[in-house]
Amino acid sequence: MRKISAVAGGIALMALFGTSVRGQNAVVLQAPGAQAPAQTSGAGPGEQQGGAVALTLKSAIEMALRSSKDIQIAKLQASLATHASQVSKAQFLPNLYAGSGAGYTYGIPETPGGRAPSLFNFTYTEQVFNEPLKGEGKELEEQARSQRIVLEDVKNGVIARTAMAYLELGKVRHSLELLRGEQESAEKILQVTQERQGEGYELPVEVTKAQLTKAQVTQRILQLEGREDELVVFLQGQLGLGQEQAIQVTPEELPGEAEQEGANLVAMAMQNNAGLLLAESDVRAKEFRLKGEKRGNWPTLELVSTYSRLANFNNYLDYFKKFQPNNFNAGVQIQVPIFSAKTKQAIGLAQINLETSQATLASKKTQVSAEVRQKTRHLRERDAAKEVARLELQLAQQNIAVLQEQFTEGKVNLREVEKARLDENEKWMGYLDANFQRQQAQLDLLKTAGQLDKVWQ
């Protein structure tokens with residue numbers, strides 16, 4: 001008689017949450033490689049539908065690249081470095097100055113600079129040959145080029161952060177769908193368990209277990225809702241969207257073009273890693289500077305010319321036989337170093353700076369190569385973990401199918417079926433986490449190898 005009552009209670013419970021179970025089965029029994037369709041929309045990428053912005057991974061990255069404040073700052077810094085490099089280069093171009101040296105003189109007419117007092121004057125200068133100055137200019141030009149590398153690195157950072165947030169948001173929302181279905185199931189299980197406990201068919205401990213299960217599901221939902229809100233706020237800032245604009249994402253896998261063999265990635269990292277490119281650029285800059293400083297013992301040549309308009313109230317006739325108001329001279333100023341302690345010290349400083357940069361470059365090459373290999377191994381581990389999670393999910397799905405058949409035949413009770421269902425749900429969550437961790441590892445590896453453009457192009 002007690003067995004008949006237990007079966008009857010189980011059938012009543014199935015009737016209460018049968019709709020929820022069928023809905024959950026429709027989600028759980030999808031192939032693990034397929035993503036839930038709950039985020040799909042008829043709107044195109046980046047278009048609004050009912051106040052929400054529908055995004056794909058590619059459209060999200062494109063919007064982030066257009067809106068990122070970090071990229072705007074990096075562009076300004078690159079422009080600043082370019083203008084700074086033109087300052088020393090400008091000395092090799094014509095420079096014309098106007099001025100005046102008018103003033104009172106007592107005795108021989110001259111100004112504190114040694115020139116004759118003039119109502120107004122013009123001075124022309126142009127460096128023709130000055131190797132230390134030329135080396136300094138080339139160093140600044142190379143530093144300006146390195147700022148463009150920094151700009152590309154900032155863009156890669158924006159791509160990585162946006163892609164990571166987009167993919168995680170898709171995972172979080174998929175997980176919330178599963179948990180909300182589980183919450184409905186847990187609530188109905190608790191209701192029936194309480195009824196059966198009141199009728200004397202269940203022990204109080206079973207009610208406590210059902211309450212604990214419901215509380216745990218509610219806790220996880222609250223945690224994921226908090227994470228969802230954080231990701232939405234971050235993406236709104238990255239994409240230049242308003243705080244009131246909702247975001248719709250479509251869970252995606254990274255493009256197949258992003259897959260590379262480990263050996264290929266090492267070779268690509270040697271050519272494209274931003275840190276390595278910056279170190280190489282720094283070595284070139286220091287080589288330009290050292291080359292210029294070593295030529296500091298060479299003569300320097302500069303074109304000079306002056307025009308002065310003099311006034312006779314400075315008593316020129318008291319000291320000179322003839323006064324001429326208009327005066328002009330032009331020529332070449334040549335300086336030949338005979339002994340220069342400054343040049344010797346400048347060469348020593350440039351040599352040390354170059355050796356430091358070369359050592360940094362060698363260390364960076366070793367570091368990047370090791371990082372690529374380590375991250376390649378980590379990605380393979382994530383691949384293996386994803387496959388394990390997929391098989392565990394598949395096994396749980398097969399197990400629940402068997403138990404459902406046995407339950408309808410009265411061979412197992414509802415508690416065993418629901419326990420299997422909760423286990424299946426946990427395997428789904430584990431699969432989603434394993435897939436996201438694999439995507440994280442892949443993005444990290446591509447960023448190190450300088451191949452992040454394959455994520456969205």
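The values are calculated or read from the model by the stated rules, or taken from the named source; none is laboratory data. Since the model is a prediction, treat every value here as computed from it, not as a measurement. Positions of Cβ are backbone-derived with ideal geometry, glycine not excepted, and every protein chain shown enters the neighbour counts.
Exactly one residue out of LEU391, LEU403 is outside any loop (DSSP other than H, G, I, E, B), among the aliphatic types (A, V, I, L, M), within 28 Å of SER175 (Cβ to Cβ) and modelled with pLDDT of 90 or more, and it is LEU391. Which members of the stretch 369-398 meet the condition of being buried (at least 18 other Cβ atoms within 10 Å of the Cβ) and under 24 Å from the mean Cα position of the chain (by Cα)? Matches in the stretch 369-398: GLU371, VAL372, LYS375, THR376, LEU379, ARG382. Within the stretch 210-219, the set of residues being surrounded by fewer than 17 Cβ atoms within 10 Å (Cβ to Cβ) and not hydrophobic (A, V, I, L, M, F, W, C) comprises GLN211, GLN216, THR218, GLN219. Quick check on the stretch 66-83. Is at least one of its residues acidic (Asp, Glu) and modelled with pLDDT under 85? The answer is no; no qualifying residue exists.
Counting only residues that are on the phi > 0 side of the Ramachandran plot and surrounded by fewer than 16 Cβ atoms within 10 Å (Cβ to Cβ), the stretch 399-457 holds 1 of them.
When VAL128 is tested against (1) surrounded by fewer than 20 Cβ atoms within 10 Å (Cβ to Cβ); (2) within 43 Å of the chain's Cα centre (by Cα); (3) within 29 Å of LEU301 (Cα to Cα), just one condition goes unmet, and that condition is (2).
Is there any pair linking a residue in the stretch 94-112 that is more than 17 Å from SER308 (Cα to Cα) to one that is modelled with pLDDT of 85 or more and surrounded by 13 or more Cβ atoms within 10 Å (Cβ to Cβ), with Cβ under 8 Å and at least six apart or on different chains, and which? Sorted first by the residue in the stretch 94-112, then by its partner, the pairs are PRO94/TYR124; PRO94/GLU126.
One residue alone among PRO109, PRO117 is more than 23 Å from LEU301 (Cα to Cα), in contact with a Phe, Trp or Tyr (Cβ under 8 Å, 6 or more places away or on another chain) and in a loop (DSSP other than H, G, I, E, B), and that residue is PRO109.
Filter the stretch 330-366 down to the residues that are under 50 Å from the mean Cα position of the chain (by Cα) and in a loop (DSSP other than H, G, I, E, B) and list them by number. Even if it seems obvious, please write down each step before you answer.
Here is the first cut: in the stretch 330-366, the ones under 50 Å from the mean Cα position of the chain (by Cα) are 340-366.
Result: SER340, single match.
Does the stretch 214-223 contain any residue that is free of Cβ contacts under 8 Å to residues at least 60 places away in the same chain, charged (D, E, K, R) and either in contact with a Pro (Cβ under 9 Å, 6 or more places away or on another chain) or within 18 Å of MET429 (Cβ to Cβ) (or both)? The answer is yes; a qualifying residue exists.
The one condition from (1) in a helix (DSSP H, G or I); (2) touching a residue at least 40 places away in the same chain (Cβ under 8 Å) that ASN327 does not meet is (1). Residues of the stretch 238-257 that are part of a helix (DSSP H, G or I) and either at positive phi or exposed (fewer than 14 other Cβ atoms within 10 Å of the Cβ) (or both): GLY256, GLU257. Here the condition is being touching a Lys or Arg at 6+ places or on another chain (Cβ under 8 Å), closer than 30 Å to PHE436 by Cβ and small (Gly, Ala, Ser); of GLY226, GLY240, it holds for GLY240 alone.
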